[in-house]
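The values are calculated or read from the model by the stated rules, or taken from the named source; none is laboratory data. On a predicted model such as this, the values are computed, not experimentally measured, just so you know. Glycine gets a Cβ as well: all are built from the backbone with ideal geometry, and neighbour counts include every protein chain shown. With ligands, DNA and RNA removed, areas are computed over all heavy atoms of the protein, side chains included. Shrake-Rupley method; radii C 1.70, N 1.55, O 1.52, S 1.80 Å.
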Amino acid sequence: MVESCQKSKVRENMQIRTISPEETEAVGRKIAAKLLPGDIIAYYGDLGAGKTAFTRGLAAGLGVTEQVTSPTYTIVNEYLSGRLPLFHFDMYRLDSADDLFDIGWEDYLARGGVCAVEWSENVEEALSGAIRITIHKDPADENVRTITIEGGERFVDLGV
Ligand code: ADP
Ligand code: MG
């Protein structure tokens, strides 16, 4: 118990400021280099924050050759052409983690890929071990974002 408290205190959180969608994608590309089978990326942030842009970078970094589009209407898009499978979810229309069963969430987890989850807020209970990525829009500048990465000890030496 004490040990886990100490660990959480030294746990590195990173904050990065980007000034274009390309820069946000570039952060995603760097993170992708260290992703492991079964990793879950839980995004937090408003509509238009840049969650899909970040995922485009993740996909590029994994070597995905298909074009990444928003899974808003499909709930999940699968990209299988990279180093690891990438499953890109949009949980906007889910009410709670109870709805995950219906979309086959456990099956995706079992496939040893990376799950990148937009609107994690809606299924928070199911995502406790995830790498949390919060993207904030700067109210004063439409091209500026602050990206906070939590649970990303592995990524610190990437210099993001
Ligand atoms: P979300 O998936 O969070 O709804 P998108 O990635 O679809 O957001 O859209 C982000 C929008 O914000 C795009 O229109 C993009 O061009 C714009 N944008 C402007 N600046 C940035 C930035 N620094 N990072 C990411 N997106 C940005
Ligand atoms: Mg999106």
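Within the range 148-160, the set of residues being of a type in the set (A, V, I, L, M) and touching a helix residue (DSSP H, G or I) at 6+ places or on another chain (Cβ under 6 Å) comprises L158, V160. Pairs are defined by a Cβ separation below 8 Å, a sequence spacing of at least 6 or placement on different chains, a first member in the range 20-48 that is free of Cβ contacts under 8 Å to residues at least 12 places away in the same chain and within 16 Å of K137 (Cβ to Cβ), and a second member that is within 13 Å of ligand 1 (Cβ to nearest atom) and among the acidic types (D, E); no pair meets this definition. Counting only residues that are in contact with a strand residue (DSSP E or B) (Cβ under 8 Å, 6 or more places away or on another chain) and either within 10 Å of ligand 1 (Cβ to nearest atom) or open to solvent by less than 50 Å² (accessible area, probe 1.4 Å) (or both), the range 62-77 holds 10 of them. Summed over the range 19-49, the residues that are assigned to a strand (DSSP E or B), within 16 Å of ligand 2 (Cβ to nearest atom) and not hydroxyl-bearing (S, T, Y) give a count of 2. Considering the range 132-160, the residues that are open to solvent by less than 10 Å² (accessible area, probe 1.4 Å) and outside any loop (DSSP other than H, G, I, E, B) include one that is nearest to F89 (Cα to Cα), namely I133.
If I filter the range 86-109 for residues that are away from ligand 2 (no atom under 16 Å from the Cβ), over 11 Å from the mean Cα position of the chain (by Cα), open to solvent by 40 Å² or more (accessible area, probe 1.4 Å) and in contact (Cβ under 8 Å) with a residue 60 or more places away in the chain, do I get at least one hit? Scanning the range 86-109, I find at least one residue that is away from ligand 2 (no atom under 16 Å from the Cβ), over 11 Å from the mean Cα position of the chain (by Cα), open to solvent by 40 Å² or more (accessible area, probe 1.4 Å) and in contact (Cβ under 8 Å) with a residue 60 or more places away in the chain, so the answer is yes.
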